[in-house]
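Step one of this worksheet: look at the structure below.
None of the figures in this text is laboratory data; all of them are computed from the coordinates on show. Owing to the predicted nature of the structure, the values given are computational and were not obtained by experimental measurement. Here the Cβ is made from the backbone with ideal geometry for all residues, glycine too, and neighbour counts use every protein chain on show.
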Amino acid sequence: MDPKAFAFLAAGIGVGLAVIGAGLGIGKLAAAALEAAGRQPEATGKLQTMMIISAALIEGVALIAEIFSLLFVIL
């Protein structure tokens, strides 16, 4: 098999794992935030702010992983 084909396979697996990891992380984050808001409704605004910041950081890490995976194909 061609080495370029292995690079495409590795990039596909890497991107897939990054997306799955980000999805699971954001899902756990949302579940925990909703549970906390249910227990203490007056803290909903602060929880929402922390949740948005955390979700952005998780998405940023996933995007960096996708970029590195695709760089292996290019280089």
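A few points about this structure:
- When residues of the stretch 1-51 are limited to those that are farther than 29 Å from Ile67 by Cβ and among the charged types (D, E, K, R), the one farthest from the chain's Cα centre (by Cα): Glu42
- Residue match in the stretch 53-69 (condition: in a helix (DSSP H, G or I) and in contact with a Gly (Cβ under 6 Å, 6 or more places away or on another chain)): yes
- Residue in the stretch 28-43 that is without any contact (Cβ under 8 Å) to a residue 40 or more places away in the chain and within 30 Å of Val73 (Cβ to Cβ) present: no
- Scanning the stretch 1-27 for residues that are among the aliphatic types (A, V, I, L, M) and touching a residue at least 60 places away in the same chain (Cβ under 8 Å), we see that the one that is nearest to Leu63 (Cα to Cα) is Ala11.
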